[in-house]
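J.: Got a structure for you, written out below as structure tokens; questions coming shortly.
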Amino acid sequence: MQQRSEQFLDSADTALQDKDAAQRRDLMALFAPAMRDAAVENFTAYEATRKHVKRIRRHSLDNLAHYLAQFEHQAVANGNRVHFARNADELNSITLDICQQHSAHHIAKGKSMVTEETGLSGFLQRAGLQVVETDLGEYIIQQAGETPSHIVGPALHKSRDEIRALFLDKHPLGERQLDETTALVDEARKVLRPQFLQADVGIIGANALIAENGYSMLVTNEGNGDLCANLPRVLIVCTTIDRVLPRAEDATAMLRLLVRSATGQAQTCYTSFYSGPRRAQDLDGPLETHFVLLDNQRSDILDSGFAEMLDCIRCGACLNHCPIYTGVGGHAYGWVYPGPMGSVLTPLLTSLEHSNALPNACTACGRCAEVCPADIPLPDLLRDLRARENSERLNAPRWRLGISLQSWLAGKPRLYHALTGACIALLYRMGRKRGSFRRLPFAGGWTSQRDFPAPQGKTFMQQYKEALREH
Amino acid sequence: MNDNPRATVDAKTGPQVALFITCLADLFRPAVGFASLSLLQRTGYAVSVPMAQTCCGQPAYNSGDYDAARTLARRVIEVLAPADYVVVPSGSCAGMLCHHYPRLLEGVWHERALELAARTFELTSFLEEIAPRMTHATPEPATPAGSGVVYLDSCAGLRELGIREQPRALLRETRGIEAGELEQRDVCCGFGGTFCAKMPAISAKMADDKLDSAMATGAHTLVGGDLGCLLHLAGRARRRGLDIELRHIAELLAGETTGPAIGGEL
Amino acid sequence: MSTSARTDIFARLRRVTSATQAENVEQERASLGSAPPPELPADELCEAFLVNVLKNCGSAACASNRGNAVRAVAEHLYRHHRQHRLVAGNDPRLAAMPWRDAGVLPRFGALESGELVALSFARVGIAELGGVVTYTGRHNPAVNNFLPERHIVLLDVADLVADTEEAWARIHRASDKQGRPRGINIIAGPSSTADIEGQLVYGAHGPRHWHVILLGDVPEGALDRARAATGSAEPD
């Protein structure tokens with residue numbers, strides 16, 4: 001997907017002014033944390049599970065070469081073709097090749113953030129293939145020509161009315177009401193059912209790859225991923241190399257955290273493990289199965305101070321709990337991954353230079369880290385990206401200068417106290433009548449939205465010094 | 001809660017407490033400093049204000065200038081070395097000293113940072129958990145008991161230092177004030193240091209949400225432990241013409257609430 | 001292309017990650033053990049399972065023997081579809097049920113267009129999830145899980161375990177004996193989505209209705225207690 005994170009501030013402004021969308025986001029900010037909290041409170045083993053899974057993930061990533069090799073070996077033994085892709089282009093080309101080898105025209109696709117990263121759907125469509133997103137949220141935004149606004153609920157930014165209008169426009173099914181959400185879902189079911197049945201190739205992602213037996217794990221509530229994985233004659237599973245876990249039980253342990261953190265459920269409807277092509281005893285299933293395993297900077301990240309970001313299980317809890325994300329919505333972030341996790345991943349996976357607004361869209365409140373089931377120190381990683389931004393001089397010179405000046409001055413207490421004393425005395429005199437300033441030089445960012453409270457008099461240090469002298 | 005009888009703390013030989021005033025209080029609200037001094041003096045400890053203090057280095061740190069932050073951190077560690085306790089009327093500055101200095105520094109300085117962290121406390125945490133029980137200098141509460149005050153949690157204080165119950169307990173026990181609670185009290189007010197100036201529209205939205213919650217409680221005073229949050233919210237409240245006063249908790253606890261509120265007419 | 005990509009990726013990973021010997025990696029993994037067992041909503045296993053099935057918006061019934069089980073299927077079929085037909089996989093346990101006793105006519109095979117109800121015999125039931133495990137294959141074609149309007153699942157009490165770890169132990173033992181199934185499906189409720197304004201709706205792509213019949217020695221009153229605990233209405 002093309003990255004537009006440079007436009008963050010402008011996009012955020014636009015988003016803030018859309019009152020209806022803002023209200024929907026406010027509701028999400030209220031309900032999503034409540035549901036997550038209820039699910040976690042009800043799960044007495046939460047903290048212990050979080051610690052256990054963290055140790056498993058660290059162990060898996062520390063030994064990724066070993067486990068990836070083991071997975072490959074098992075997957076091949078199960079009858080899969082396993083392909084490796086260093087970057088988005090390679091994943092897209094490999095996938096297209098497979099489709100073309102089978103003269104495929106019609107692709108049924110499950111939800112996969114990795115394929116959003118690489119822009120796979122668009123790539124296949126430009127090569128003349130028909131690609132249908134089968135996850136309801138993804139289907140809606142595909143029909144609307146939009147990008148996902150949330151990694152779990154890609155269409156949550158759209159109102160029911162908007163979706164109704166979209167379906168009435170895109171589905172030639174004659175006069176009908178479609179007033180209820182159930183009716184919309186029913187229609188999507190009706191429209192998409194033939195897509196599953198007619199597809200030549202199914203493309204899905206994976207929530208985990210199991211090294212001990214070469215299975216991939218896919219979780220959905222809808223069951224669309226399973227239809228993609230069982231009906232078409234070719235199945236392609238696209239995911240990244242860091243998804244490998246040692247044992248099947250590791251994946252389901254991780255799931256206990258994922259589901260509760262993502263939707264407040266205690267489990268997903270469908271937790272499926274697929275190992276490969278149809279066997280002698282199968283009545284259905286793909287005849288040929290492929291894994292396309294993508295690196296796309298993961299090995300670089302593993303080698304950096306940001307390695308812990310790979311522990312992310314894509315639950316979206318950090319999004320739901322971030323007042324900046326819920327304030328401006330996912331599209332403002334300009335790429336596949338929004339919110340706190342997106343503000344770390346976008347610079348790492350694309351370019352810090354073109355997305356440096358994102359790590360700055362943070363007050364370091366720490367709410368994201370508090371709810372992260374993978375215990376990722378998001379505020380620290382975001383700060384480290386700001387440190388990189390600073391050392392690479394990507395931030396505005398006036399900010400760098402201002403901070404350098406303040407820090408330098410703070411290192412010289414007598415000068416600091418004298419200078420601040422003088423400035424504060426001046427501000428006090430200027431502001432004493434009203435008690436605050438509507439405008440102040442060098443403080444445009446502040447005063448555009450707020451008055452600036454006037455100082456009360458001399459600085460504390462001045463007054464204290466004077467009081468000491470008097471005694 | 002601390003039940004030590006405070007009758008015989010000798011200010012000369014007892015613990016020496018240093019007040020780390022914080023740059024925002026020093027420049028924009030000295031009343032916080034004087035209230036803090038007053039509160040600390042009532043504990044019977046010897047209280048001083050190290051004159052070489054300036055800033056804890058948060059602006060540099062959060063802006064990613066780690067080198068400048070380290071330089072300031074080392075200075076602060078030196079300046080605060082003599083004190084037995086360091087008390088800070090700010091969750092974010094106390095968090096900077098306790099939580100982030102050790103992360104920033106290595107080797108010997110890392111050890112010194114840990115040592116400083118062990119004796120540094122946010123104001124309400126110190127008063128509630130460490131110091132002997134205060135006596136009341138003024139027998140009458142400065143604001144009518146139990147009415148019209150709602151509490152604003154500081155994100156850093158809450159998540160880095162566990163400051164939640166202490167200020168509420170102090171208000172209740174020493175002032176007879178039962179502070180009201182904000183809806184969605186765990187959500188950030190939108191100050192975030194340089195964030196509020198870099199992303200003013202977003203920070204204003206967050207401020208509005210917080211102020212709307214405060215107005216919905218009917219409270220006349222919003223009180224908190226961090227001046228950054230309070231200056232930002234007070235400024236926004238003034239811009240919107242909202243009828244609510246903002247004060248720092250030190251002022252309420254010390255009974256010094258006759259002066260103007262933050263951003264109010266002087 | 002892919003082979004040089006493979007070489008590149010593994011070379012980078014070997015440079016970046018640990019060079020521990022395979023046996024030691026396995027040992028380290030073993031030393032980390034298993035996840036802590038999750039708490040169940042009831043002390044007794046059947047009741048805990050049934051509570052979670054109901055919480056997942058599945059419906060449930062109990063049958064003490066196979067005769068009662070086919071009658072339970074018949075009742076459920078008739079109540080909801082006014083018919084006696086369904087499709088069932090080729091699981092020999094299904095073939096061996098006394099269908100004629102209840103007047104039910106199963107067609108054994110994979111679900112076809114127009115067929116509304118499918119019946120599966122689960123391999124394992126997991127109380128922690130209120131879910132069941134099926135393997136794809138002739139015994140239970142995948143389409144029988146995902147395409148019908150209504151999915152009925154039989155589960156033998158003897159195959160009910162407390163948590164997913166125990167389920168894996170059973171699945172691994174079965175795989176060791178009979179080979180790895182192509183697909184292992186854990187199903188815990190009817191198909192659902194909340195993609196439109198966060199509103200929960202059932203029957204997204206998979207079955208709208210999911211009914212579990214627990215077969216065997218179920219403690220007296222377990223289902224009633226489960227219904228009381230979840231505030232669920234009577235016979236499903």
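The values are calculated or read from the model by the stated rules, or taken from the named source; none is laboratory data. As the structure is a prediction and not an experimental result, all values here were calculated from the model. When we count neighbours, we look across all protein chains shown, and the Cβ atoms used for this are built from the backbone with ideal geometry, even at glycine.
J.: In the stretch C:194-207, which residues are modelled with pLDDT under 95 and more than 19 Å from A:Arg160 (Cβ to Cβ)?
T.: C:His205, C:Gly206 - these are the residues of the stretch C:194-207 that are modelled with pLDDT under 95 and more than 19 Å from A:Arg160 (Cβ to Cβ).
J.: Answer yes or no as to whether B:Ala46 is away from every other protein chain (no Cβ under 14 Å) and farther than 20 Å from B:Phe191 by Cβ.
T.: Here the answer is yes, as B:Ala46 does meet what is asked.
J.: Inside the stretch A:363-385, can you point out the residues that are within 7 Å of chain B (Cβ to nearest Cβ) and surrounded by 24 or more Cβ atoms within 10 Å (Cβ to Cβ)?
T.: Residues satisfying the conditions are A:Thr363, A:Ala364, A:Cys365, A:Arg367.
J.: Give the stretch B:49-74 a look and list any residue that's assigned to a helix (DSSP H, G or I), at the interface with chain A (Cβ under 7 Å from one of its Cβ atoms) and within 21 Å of the chain's Cα centre (by Cα), or say none.
T.: The answer is B:Pro59, B:Ala60, B:Asn62, B:Leu72.
J.: Continuing with this model, one more query. Which ones in the stretch A:72-95 are among the hydrophobic types (A, V, I, L, M, F, W, C), under 26 Å from the mean Cα position of the chain (by Cα) and in a helix (DSSP H, G or I)?
T.: A:Ala88, A:Leu91, A:Ile94, listed by residue number.
J.: Now, a different point. Can you pull out every residue in the stretch B:166-184 that is in contact with a helix residue (DSSP H, G or I) (Cβ under 8 Å, 6 or more places away or on another chain) and either within 7 Å of another protein chain (Cβ to nearest Cβ) or not hydroxyl-bearing (Ser, Thr, Tyr) (or both)?
T.: B:Gln166, B:Pro167, B:Ala169, B:Leu170, B:Leu171, B:Arg175, B:Ile177, B:Glu178, B:Ala179, B:Leu182, B:Glu183, B:Gln184
J.: For A:Glu466, indicate whether it is assigned to a helix (DSSP H, G or I) and at pLDDT 95 or above.
T.: Judged against the criteria, A:Glu466 is not a match.
J.: Being within 27 Å of A:His52 (Cβ to Cβ) and part of a helix (DSSP H, G or I) is the filter here; which residues of the stretch C:15-31 pass it?
T.: Residues satisfying the conditions are C:Val16, C:Ala22, C:Glu23, C:Asn24, C:Val25, C:Glu26, C:Gln27, C:Glu28, C:Arg29, C:Ala30, C:Ser31.
J.: For the stretch C:180-236, name all the residues that are touching a Lys or Arg at 6+ places or on another chain (Cβ under 8 Å) and β-branched (Val, Ile, Thr).
T.: Residues satisfying the conditions are C:Ile196, C:Thr230.
J.: Tell me which of these A:Ser351 doesn't satisfy, since it passes every other one: (1) under 22 Å from A:Glu392 (Cα atoms); (2) out of contact with any His (no Cβ under 9 Å at 6 or more places or on another chain); (3) crowded, with 23+ Cβ neighbours inside 10 Å; (4) touching a residue at least 24 places away in the same chain (Cβ under 8 Å).
T.: (3)
J.: May I pose another question? Restricting to helices (runs of 4 or more DSSP H) lying wholly in the stretch B:162-264: which have 3 or more residues that are surrounded by 23 or more Cβ atoms within 10 Å (Cβ to Cβ) and touching a residue at least 24 places away in the same chain (Cβ under 8 Å)?
T.: Output list reads B:165-175, B:200-216, B:227-240, B:249-253.
J.: Picking from A:Thr182, A:Thr220, A:Thr240, which residue would you name as being hydroxyl-bearing (Ser, Thr, Tyr), within 13 Å of chain C (Cβ to nearest Cβ) and over 23 Å from the mean Cα position of the chain (by Cα)?
T.: A:Thr182
J.: Which numbered condition in (1) touching a residue at least 24 places away in the same chain (Cβ under 8 Å); (2) surrounded by 19 or more Cβ atoms within 10 Å (Cβ to Cβ); (3) under 23 Å from the mean Cα position of the chain (by Cα) is the only one that A:Ile98 fails?
T.: Looking at each condition in turn, A:Ile98 falls short on (3).
J.: Given the criterion modelled with pLDDT under 95 and at positive phi, identify the matching residue among C:Arg15, C:Arg82.
T.: Answer to the check: C:Arg82.
J.: Can you work out which of the residues in the stretch A:175-203 that are surrounded by 15 or more Cβ atoms within 10 Å (Cβ to Cβ) and in a loop (DSSP other than H, G, I, E, B) is modelled with the lowest pLDDT?
T.: Across the stretch A:175-203, the extreme among qualifying residues is A:Leu178.
J.: Does A:Leu283 fit the bill of being closer than 30 Å to A:Ile107 by Cα, free of Cβ contacts under 8 Å to residues at least 12 places away in the same chain and hydrophobic (A, V, I, L, M, F, W, C)?
T.: Yes: the conditions hold for A:Leu283.
J.: Test each condition in (1) at pLDDT below 95; (2) basic (Lys, Arg); (3) closer than 23 Å to B:Pro59 by Cβ for B:Arg133 and report the one that comes out false.
T.: (3)
J.: A further question on this structure: Taking the criterion of being facing another protein chain (nearest Cβ under 9 Å) and surrounded by 23 or more Cβ atoms within 10 Å (Cβ to Cβ), would at least one residue in the stretch C:146-156 satisfy it?
T.: Checked the stretch C:146-156: at least one residue is facing another protein chain (nearest Cβ under 9 Å) and surrounded by 23 or more Cβ atoms within 10 Å (Cβ to Cβ).
J.: Only one of C:Glu220, C:Glu166, C:Glu128, C:Glu197 is facing chain A (nearest Cβ under 9 Å) and free of Cβ contacts under 8 Å to residues at least 60 places away in the same chain; which?
T.: After ruling out the rest, the residue left standing is C:Glu197.
J.: Starting from the stretch A:298-314, take each residue that is basic (Lys, Arg) and list its partners that are outside any loop (DSSP other than H, G, I, E, B) and modelled with pLDDT of 95 or more, counting only C-beta distances under 7 angstrom and pairs at least six apart or across chains.
T.: From residues that are basic (Lys, Arg), the pairs are A:Arg298/A:Thr240; A:Arg298/A:Ile241; A:Arg298/A:Asp242; A:Arg298/A:Leu310; A:Arg314/A:Met113.
J.: Of all residues in the stretch A:136-174, which are more than 10 Å from chain C (Cβ to nearest Cβ) and of a type in the set (S, T, N, Q)?
T.: Within the stretch A:136-174, A:Gln142, A:Gln143, A:Thr147, A:Ser149 meet the criteria.
J.: Give the residues of the stretch B:205-231 that are of a type outside the set (A, V, I, L, M, F, W, C) and in contact with a Phe, Trp or Tyr (Cβ under 6 Å, 6 or more places away or on another chain), sorted by residue number.
T.: Scanning the stretch B:205-231 gives a single hit, B:Gly228.
J.: From the list A:Ala88, A:Ala127, A:Ala69, which one is in contact with a Ser or Thr (Cβ under 6 Å, 6 or more places away or on another chain) and of a type in the set (Gly, Ala, Ser)?
T.: The conditions single out A:Ala88.
J.: While we're here: Hey, any hits in the stretch C:208-217 for a residue that's facing chain A (nearest Cβ under 7 Å), within 16 Å of the chain's Cα centre (by Cα) and either at pLDDT 95 or above or surrounded by fewer than 24 Cβ atoms within 10 Å (Cβ to Cβ) (or both)?
T.: No, the stretch C:208-217 contains no residue that is facing chain A (nearest Cβ under 7 Å), within 16 Å of the chain's Cα centre (by Cα) and either at pLDDT 95 or above or surrounded by fewer than 24 Cβ atoms within 10 Å (Cβ to Cβ) (or both).
J.: So, B:Val108, is that one of a type in the set (A, V, I, L, M) and within 21 Å of A:Lys412 (Cα to Cα) or not?
T.: no
J.: Considering only residues that are crowded, with 24+ Cβ neighbours inside 10 Å and either more than 17 Å from the chain's Cα centre (by Cα) or among the acidic types (Asp, Glu) (or both), which ones fall in the stretch C:82-132?
T.: Once the filter is applied, which keeps residues that are crowded, with 24+ Cβ neighbours inside 10 Å and either more than 17 Å from the chain's Cα centre (by Cα) or among the acidic types (Asp, Glu) (or both), the stretch C:82-132 yields C:Leu86, C:Leu111, C:Glu128.
J.: Against the conditions (1) of a type in the set (Asp, Glu); (2) within 29 Å of A:Asn42 (Cα to Cα); (3) surrounded by fewer than 21 Cβ atoms within 10 Å (Cβ to Cβ), where does C:Glu75 fall short? Just the number, please.
T.: Checking C:Glu75 against (1) of a type in the set (Asp, Glu); (2) within 29 Å of A:Asn42 (Cα to Cα); (3) surrounded by fewer than 21 Cβ atoms within 10 Å (Cβ to Cβ), the one that fails is (2).
J.: Got at least one residue in the stretch B:79-97 being touching a helix residue (DSSP H, G or I) at 6+ places or on another chain (Cβ under 7 Å) and surrounded by fewer than 18 Cβ atoms within 10 Å (Cβ to Cβ)?
T.: Within the stretch B:79-97 (the criterion being touching a helix residue (DSSP H, G or I) at 6+ places or on another chain (Cβ under 7 Å) and surrounded by fewer than 18 Cβ atoms within 10 Å (Cβ to Cβ)), the answer is no, since none of the residues qualifies.
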